[in-house]
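Worksheet: one structure, shown below.
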Amino acid sequence: MAQQQNQNATLNVVGTRGPNIDAIARVTGTAKYTGDIELPGMLHARVLRSPHPHARIVGIDTSKAEALPGVKAVITYKDAPKLPIWGSRQFVMNDRVRFVGEGFAAVAATDLETADRALRLIQVQFEQLPFVMDPEEALKPGAPQLFPDGNLEGQARAVTRGSVEQGFKESDRVIERVYRCPTMWSGSMEPHAAIALWEGAKLTMWCSAQSPNRVHMNMTQQFDLSDANCRIISSYVGGGFGTKSAPHVDETIAALLAKKAGRPVKLQYTREEEILDSNTRFEVKMYMRVGVMKDMSIRALDVRAYINQGAYHSRLGGLGNHATHLYNITHLRTQQFRVHTNIANTGPTRGVGDPQECFGLDSVLDEIANEMGWDPMAFRLKNIKRNGDPVPRGQTGVEDGVLINQGAELCINQGAARLGWNRRNPTPGAGQSGPKARGIGMAVTERGGGAGLAGAEVKINLDGSVVMSFASTDIGTGSRTTLSMIASEVLGVPLSKFLTVAGDTEAAPYDGGSQGNRTLQSTGRAVEQAARDCLQQVFAAAAPLLKAMPAELEMRDSVVRVRGDAQRMMALSEVMSRRGRSIVGDGNVAGAQTGMNVERTPGAHFVEVEVDRETGKVRILKYVSAHDVGQPINLTIVENQLEGGTIQGLALTQAEEMRFDPRDGKCLNANFLDLKPPTMMDFDPRVIDIIAVDNKSAFGPFGAKGLGENPNHPGMAAVANAIYNATGVRLREVPFTRADVLQGLGQQRPAAQTARG
Amino acid sequence: MDNFSYARPATLRDAASQLGREHNRVMLIAGGTDVLGELKDHLREPERLVPIRHLKELQGIRPSRTGLRIGAATLLADIAESDVIRQQAPVLAMAAGKVGTPQIRNMGTIGGNICQRPRCWYYRNNYPCFKHGGNTCFSAAGENDFHAILEGGPSFIVHPSDTAPALVALGATVRISSGSRERSVPIAEFFVTPRQDARRENVLQPNEIVTELEVPSAPAGSKAIYVKEMVREMWDFALCSVAAMVTVQNGVVQNARIVLGGVAPRPYRAAAAETALVGKALDEASATAAGEAAVQGARPLAKNAYKVPLTQAVVKRALLSLA
């Protein structure tokens, strides 16, 4: 696992390449994910789920299930605390179900098959209620109501700057278009899983969570526990993408069953359950109106968005900040209606509303640029915000801050050069004969990162080895490695001396968890602080031994040295054994951004596609992802994140839409065969080019910026723009199916020949 | 899945004797790539499973008087890689190689592949449709992107098999045994339309087992190809597929077999396309005409009209690749 030599002379570890420190453990199976853990006497749980999108349960009889040999506990909504799950309107189980797949009873048995059989013995009487699936329909008078206070959760970030109506009057050209991103699967390879163990009044839970402390908060509330009587462990997590950023019902169900049975209980979702009940990516329908001046400036933008939150989700759920932080727009209004409907519950997924907003905004900008005969890249370069431009610090849109360290222009220029933007045919679809048409498109994105509380603890043992504990998790982003590299850089102790304890609320200080581009910038700063704390203690201990002042000391390769004196040095292990006590350093940080300065993490994607005009197939010929990454901590991991996020974004252009039958609200494709997530054969990583733009942050550790979300944003817009450039067909709904492309090309038979049901 | 009994028969006769007079109470299992999914989803809940993959009567690829005899338990992977099949019936090897994934091809058998149940998401989600004994096809007025444009109604499933169109193109014969009685059915008559039987996809009786496929050698001088269009590049069923086999002499098509998959409830022999081609030079014009003829009579549903131009293009290109 040798790390390659650093190009930056002042840094030894940060900025190098290298594999994840837990890569071998992960691929050989010694890393234990929740599903791998077996406890003595452990039971297995299954959940009974609603077949109806909206119903009241008027009768339930569990006696036959309870009588089945092997069944150790049966619970229903009657046993569940009447407390909403953190960040949601949902009780863990309720007598009223609001989506197909919502759990309302559960069984723990000695094996899964018995639990499964018991579920089928539970007799339920439903009173079916009218249901609604479309967010605009749900706001109309007379629509079925999910909650006493209606279906509208509220508005997210309503922004009004200037007067859009005035701005449209002043504009030389105004267009209005509608874009839609459907409810889409979120993509975690590891389904939700939880194991609950009660020892007296203490609950220990292993679960697949991004934020163990949020689960901890929910468990202490649901079961009225002291903080000390609850321990949450999420050591290895097989992806989260936001669906595991909040507590989920599975954890409470497992704990309720374990309490009733008096034995530990494991609840692991099947793939179907994971798709139906993991709080997936929400649908957004966007009405975008934009007005421009002949000088290529954006005069006005009006965004009206309907966000389909599903049944319960009430926390995040708005669009991103592209309209306020990426482009200079004189008159701006955004309205975002967050609506409850009877489809699968949703939540934040990689980028939250950024990919959807990027699709809408960077499509409509591309449309108007094409209508005006402008080069879409020149149009963006004219309007993107640069250092010193005003940006909002808060949620209101008032531009009370100043943008710093913005790399959008760098990303655009480097990406364009790598793809060869100058090859782009300025007239869409023109000059191409034969069935296959090529086109080039681009999209720009941005995001913030690094908010909330973070904590870490670093301990140096008597032999000089280091244990680092933090309660955010490594959900596949490589944070176990990058956080260790930060501590290694600060301390001057090689990575090989490190052991990490990740995602354990009992072992580490409070941390908000791994989501929203925050782990590296927030937990990373806590780690840096804890390591500096340790280093000062090491110097204090070593100074008298080396007959020097602490300020004269430095440590490299686990050897404490007197600067400028090659004779006076002592191994860390010797310092520690002479000291006779371990050293503990801690770090706690709150928020990463201060003062008037606002720092963002922009990126730009460029793509060349080939559209088969006869079969509707869209193939990616070349794709460039250029992202402002701040100071890369580990270049291999940066590239891995950018490549993975890019492919995940491209997947949304091909499939992964959850398909619901409007007649009964059921999801028809809750499996890998029908949902069609891509395989390695679909998006060849060799056609994806990654550019990590080194553009140091003022806040992150060693200038690092968080970037996990961003590569997921621009794929839909960039590909739609490229398809337009290739064919002249504008696609305003994802995914881009054969039907959409062929219909757009007008190759379908006349509608008169269509036999409708 | 529910409990079931599992008896390992020693012979074909043993296996057949365990089958009853109605479908689904006792089920055969060979590779299990379809059956196990059905059991886990509670689509069918048999009392008993009868494994047949090990039966020696179902093994082997052997020469016959007219071509090859392929045991029903032969793995799809073995068919895709068999030198003798590649030589004598290349379209079958190509089709077998397009099934699912390497894992599925290494478990799934040719007999199972032609007998697999529909992939319609209403059937797989246990809607009470024709295939589950009901009287409705939920796709007709529902989410029918992947359903039939030809020969549909009252059920609009598409036949999911890749090997079936190739076998129809080759004019194979299905050997069937009930233990005491054997029969041979030309493969084109093995599959049924929903109008003939909306519950089933083939003529197999509850007590019968497919034992063997007799596959005539492709005509001398013929060329063949199997083309499959999918949403993703692998691990997918066909949006549309075509098994095409043509014989060209002196620049003129003497004989053509064009069979479509993924667009009709059974492998669909596009006779009009064959007629359009025979007697012509194999070129852009005749291939385009054959593509258009292939979808003659197509009646797309609300969401699958794209399959019409897609099928035209796939047929045209398959033919041109043989020119």
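The values are calculated or read from the model by the stated rules, or taken from the named source; none is laboratory data. The shown structure was predicted, so the numbers you read here are calculated from the model rather than taken from an experiment. Cβ coordinates were reconstructed from backbone atoms using ideal geometry, including for glycine residues, and neighbour counts include every protein chain displayed. Ligands, DNA and RNA are stripped out before the accessible areas are found, and what is left, the full protein with its side chains, is counted by its heavy atoms. Shrake-Rupley method; radii C 1.70, N 1.55, O 1.52, S 1.80 Å.
Quick look at the numbers
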| read-out | value |
| --- | --- |
| Qualifying residue in region A:665-686 (condition: acidic (Asp, Glu), open to solvent by 30 Å² or more (accessible area, probe 1.4 Å) and farther than 20 Å from B:GLY100 by Cα) | no |
| Meets criteria (at pLDDT 95 or above and open to solvent by 20 Å² or more (accessible area, probe 1.4 Å)) for A:ILE647 | yes |
| Positions within region B:208-227 being under 21 Å from B:GLN254 (Cβ atoms) and within 15 Å of the chain's Cα centre (by Cα), in sequence order | B:VAL215, B:TYR226 |
| Boolean, A:ASP557 is in contact (Cβ under 8 Å) with a residue 24 or more places away in the chain, in contact with an Asp or Glu (Cβ under 8 Å, 6 or more places away or on another chain) and of a type in the set (Asp, Glu) | no |
| Residue list for region A:216-232, filter: in a helix (DSSP H, G or I) and touching a residue at least 40 places away in the same chain (Cβ under 8 Å) | A:HIS216, A:MET217, A:ASN218, A:GLN221, A:GLN222, A:PHE223 |
| Filter result (part of a loop (DSSP other than H, G, I, E, B), in contact with a helix residue (DSSP H, G or I) (Cβ under 8 Å, 6 or more places away or on another chain) and open to solvent by less than 40 Å² (accessible area, probe 1.4 Å)) within region B:101-131 | B:GLY108, B:ARG117, B:PRO118, B:CYS120, B:CYS129 |
| A:ALA209 being under 24 Å from the mean Cα position of the chain (by Cα), surrounded by 15 or more Cβ atoms within 10 Å (Cβ to Cβ) and closer than 30 Å to A:MET42 by Cα | yes |
| B:PHE138, sole failed condition from (1) open to solvent by less than 40 Å² (accessible area, probe 1.4 Å); (2) within 14 Å of chain A (Cβ to nearest Cβ); (3) assigned to a loop (DSSP other than H, G, I, E, B) | (1) |
| Top-ranked residue in region B:87-96 [being more than 16 Å from B:GLY31 (Cα to Cα) and assigned to a helix (DSSP H, G or I); ranked as farthest from the chain's Cα centre (by Cα)] | B:GLN87 |
| All strands (runs of 3 or more DSSP E) inside region B:209-323 with 1 or more residues being within 14 Å of chain A (Cβ to nearest Cβ) | B:222-229, B:240-249 |
| Any hit, region B:112-123, residues being modelled with pLDDT of 95 or more, farther than 24 Å from B:HIS23 by Cβ and away from chain A (no Cβ under 13 Å) | no |
| Lone qualifier among A:ASP116, A:ASP36 - being under 26 Å from the mean Cα position of the chain (by Cα) and of a type in the set (Asp, Glu) | A:ASP36 |
| Qualifying positions in region A:363-401 - among the aliphatic types (A, V, I, L, M), at pLDDT 95 or above and open to solvent by 40 Å² or more (accessible area, probe 1.4 Å) | A:MET372, A:ALA378 |
| Filter pass, B:ASP83 being open to solvent by 10 Å² or more (accessible area, probe 1.4 Å), closer than 30 Å to B:LEU319 by Cβ and touching a helix residue (DSSP H, G or I) at 6+ places or on another chain (Cβ under 8 Å) | no |
| Members of region A:613-626 found to be open to solvent by less than 10 Å² (accessible area, probe 1.4 Å) and within 11 Å of chain B (Cβ to nearest Cβ), listed by number | A:THR615, A:GLY616 |
| Residue that is aliphatic (A, V, I, L, M), under 20 Å from A:GLN155 (Cα atoms) and open to solvent by 10 Å² or more (accessible area, probe 1.4 Å), where the choices are A:VAL339, A:VAL352 | A:VAL352 |
| Single condition A:PHE699 does not satisfy, out of (1) within 23 Å of the chain's Cα centre (by Cα); (2) over 18 Å from A:ASP628 (Cβ atoms); (3) hydrophobic (A, V, I, L, M, F, W, C) | (2) |
| Criterion (over 20 Å from A:THR346 (Cβ atoms) and open to solvent by less than 20 Å² (accessible area, probe 1.4 Å)) met by exactly one of A:GLY167, A:GLY162 | A:GLY167 |
| Tabulated pairs, region B:271-296, first closer than 10 Å to B:GLN312 by Cα, second at pLDDT below 95, C-beta under 9 angstrom, 6+ apart or interchain | B:ALA287/B:ALA323; B:VAL295/A:ARG749 |
| Selection count where residues are at the interface with chain A (Cβ under 9 Å from one of its Cβ atoms) and touching a Cys at 6+ places or on another chain (Cβ under 7 Å), scope region B:141-154 | 0 |
| Whichever residue in region A:119-151 is over 34 Å from the mean Cα position of the chain (by Cα) and not aliphatic (A, V, I, L, M) and, among such residues, is surrounded by the fewest Cβ atoms within 10 Å (Cβ to Cβ) | A:PRO141 |
| Hey, B:ILE157 more than 13 Å from chain A (Cβ to nearest Cβ) and β-branched (Val, Ile, Thr) or not | yes |
| Of all residues making up region A:640-653, the number that are within 14 Å of chain B (Cβ to nearest Cβ) and farther than 14 Å from A:ASP684 by Cα | 2 |
| Of the criteria (1) closer than 25 Å to B:ALA224 by Cα; (2) of a type outside the set (S, T, N, Q); (3) within 14 Å of chain A (Cβ to nearest Cβ), which one B:VAL91 fails | (3) |
| Residue ranges of helices (runs of 4 or more DSSP H) in region A:343-438 with at least 1 members in contact with a strand residue (DSSP E or B) (Cβ under 7 Å, 6 or more places away or on another chain) and of a type in the set (Gly, Ala, Ser) | A:354-372, A:408-419 |
| Residue tally, condition within 16 Å of the chain's Cα centre (by Cα) and among the polar types (S, T, N, Q), over region A:429-485 | 5 |
| Per-region count, region A:596-612, residues open to solvent by less than 10 Å² (accessible area, probe 1.4 Å) and outside any strand (DSSP E or B) | 2 |
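Table: residues versus (1) under 25 Å from A:ASN640 (Cβ atoms); (2) of a type in the set (A, V, I, L, M); (3) surrounded by fewer than 24 Cβ atoms within 10 Å (Cβ to Cβ); (4) touching a residue at least 40 places away in the same chain (Cβ under 8 Å).
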residue	(1), (2), (3), (4)
A:PRO435	no, no, yes, yes
A:GLY439	no, no, no, yes
A:ALA443	yes, yes, no, yes
A:GLY492	no, no, yes, yes
A:GLY513	yes, no, no, yes
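Yes/no per residue for (1) modelled with pLDDT of 95 or more; (2) within 25 Å of the chain's Cα centre (by Cα):
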{"site": "A:LYS285", "(1), (2)": "yes, yes"}
{"site": "A:SER314", "(1), (2)": "no, yes"}
{"site": "A:ASN321", "(1), (2)": "no, yes"}
{"site": "A:HIS331", "(1), (2)": "yes, no"}
{"site": "A:ASN345", "(1), (2)": "no, yes"}
{"site": "A:GLY351", "(1), (2)": "no, yes"}
{"site": "A:ASP354", "(1), (2)": "yes, yes"}
{"site": "A:CYS358", "(1), (2)": "yes, yes"}
{"site": "A:LEU361", "(1), (2)": "yes, yes"}
